[in-house]
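A short write-up of the structure that comes next.
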Amino acid sequence: MSGTPGIDAARLGRRLETFARIGATARGGVDRQALTDGDAEARALLAQLGAARGFRVEQDGAANLFLRRRGRDDALPPLLLGSHLDTQPTGGRFDGALGVLGALEVLESLEDAGLPTPRAVELVAWTNEEGSRFLPGAMGSQAFAAGALDPAWLAARDGAGTSLADALARTLQALPHVPRRPLGTPIAAYLELHIEQGPVLEREDVPVGVVTGIQGTRWLDVTLTGAAAHAGTTPLAYRRDPMAAAAAALSSLLGTVMARDEAARLTVGRIRAEPGSVNAIPERVAFTLDLRHPVLAELDAIERAARTAIEAAARDARCQAEMRTVFDMAPVAFPPAMADLVEAAAGEAGLAARRMISGAFHDALFLARRAPAAMIFVPCREGISHNEAEFVEPRFVEAGARALMAATLRWLAAPIERL
Ligand code: HGY
Ligand code: MN
Ligand code: MN
């Protein structure tokens, strides 16, 4: 293809500002949780921007939103670019949005340059990547990769009792004129631009991360049940205190399994005591465990150790323990040829790059089950993410979009479709 279209960094910066205002929080972050009115507002704006450029806008039954720029041979499966627009409750303005708006910038710059492409290039905003309001995470991309939405997910409820089924229906109806497409339509390959959400690229002042793979993630729901009792009159020896059991289990895990392996991750992001009274020993304590490791056997070992430690602490506190694995993503390696393509594209764009794996999961993990996939990382300030202070320097926003454009053109010139 003749001439490499540039990207309009100022336009991309304005777009990021505009989308950051949808769900903006007082501390400069974004609360645009999956399938909320804010999410619907962002989707509507993306649809409007795409339609204004003549891109075909469609959504599937999981509310994944697609913008399609036609190519010469529309019978060929498209090259798909994308990420997500939903955020954490106290999220940042770049996690997900950079990938969606970077992909929009690529489509618009191709259009501005009047550059015909051999096949369609599509943009997607995946539904519910975060998994924070409704389980599972990466819901839209999982449904796309599987070709169906798991009916068991629809009964999931958020903290206010709204079901996923109702929230999904409401979001789909918010774009009544956007035609539906089936779930899991064929794609030739997938590219995702995303912030690193870690400190490595910034520390090394390298603008592009070539993501070779994604570590494994496992979420457990843990419920410890003891006996409610008076906080003042009940001696410690007489208590069946699930909070004491939770504290003992977590300190044992953090002091042993996690201390032994720098690559291991354990996070308790949510904990609830019932009845939740300041002067009553709780009857029940429920908490979430987010476990991660790049090596599947090690992730299995961490889960086993967690289950053993929680059961032992429950037994010592004369409590019952129930544990459910509610989310399970095995580690994935992207095809080396796709990582090579991203590295070469960054070089062509005059951008330094380094290979790395992703500590965060991404929609690309599921797309990799359907087609050759690759990810491009850019640095974020001090590696901060899932935090309202998340920030990406404009030079790195531009670098990411330029790398995505270069990777798009390089793939179109020599498609890697099957491996
Ligand atoms: O949790 C994750 O790894 C992703 O950022 N949602
Ligand atoms: Mn993300
Ligand atoms: Mn995230």
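Things worth noting here:
- With Cα atoms, 0 to 90° folded angle of helix 9-20 axis to the chain main axis: 40
- Projecting label points 7 angstrom from Cα along Cα→Cβ for residue 337 and residue 162 puts them 4.4 nm apart.
- One Cα centroid belongs to region 322-385, the other to region 187-225; the line between them spans 6 Å.
- Between 0 and 90°, nearest 10: helix 296-316 axis offset from the chain longest Cα axis: 20
- Spatial separation of Cα centroids for region 129-147 and region 94-110, in angstrom: 20
- Spin-label model, residue 263/residue 27: points 7 Å from Cα along the beta carbon direction are separated by 3.3 nm.
- Around residue 244: net Lys/Arg minus Asp/Glu count, Cβ-Cβ under 14 Å: +2
- Ranked by the mean number of other Cβ atoms within 10 Å per residue, highest first, peptides 44-54, 303-313, 227-237 order as 303-313, 44-54, 227-237.
- Euclidean distance of C-alpha centroids, region 1-56 and region 233-253, integer Å: 48
- C-alpha long axis of helix 97-112 to longest principal axis of the chain, angle in °: 10
- Relative contact order of region 110-254, pairs being alpha-carbon contacts under 8 Å that are 6 or more residues apart, as %: 11
- Over all other residues within a Cβ to Cβ distance under 11 Å of residue 199, the charged ones net out to -2, with Lys and Arg as +1 and Asp and Glu as -1.
- Exposure proxy shown here: for 358, 141, the number of other Cβ atoms within 10 Å sets the order, fewest to most, as 358, 141.
- DSSP bridge pairs, the chain: antiparallel proportion in percent, nearest 5: 65
- Helical runs (DSSP H, four residues minimum) scored at -39500 (n - 2.57) apiece and divided by the length of the chain put the mean residue ellipticity at 222 nm at -10500 deg cm²/dmol.
- Relative packing of 175-186, 196-207, 314-325, 371-382, which averages over residues the other C-beta atoms within 10 Å, highest first: 371-382, 196-207, 314-325, 175-186
- Computed over the alpha-carbon pairs of the chain, the distance histogram in 20 Å steps reads 26, 54, 17, 2, 0 percent, short to long.
- Radius 15 Å from Cβ of residue 346, net charge of other residues (Lys, Arg +1; Asp, Glu -1): -3
- Between residue 17 and residue 72, the FRET efficiency estimated from the beta carbon spacing at R0 = 35 angstrom works out to 0.50.
- Counting beta carbons within 10 Å around each of 217, 127, 36 and listing the fewest first gives the order 36, 217, 127.
- Length gained when the stretch residue 205-residue 236 is fully extended (0.36 nm per residue, less Cα-Cα span): 5.8 nm
- 3J(HN,Hα) couplings calculated from phi for region 128-139 with the Karplus curve 6.51 cos²θ - 1.76 cosθ + 1.60 (θ = phi - 60°) are, in sequence order, 6, 6, 5, x, 7, 7, 10, 6, x, x, 6, 5 Hz; Gly and Pro show x.
None of the figures in this text is laboratory data; all of them are computed from the coordinates on show. Just so it is clear, the structure is predicted and the values come from calculations on it, not from any experiment. Note that we place each Cβ from the backbone using ideal geometry, even for glycine, and neighbour counts take in every protein chain shown.
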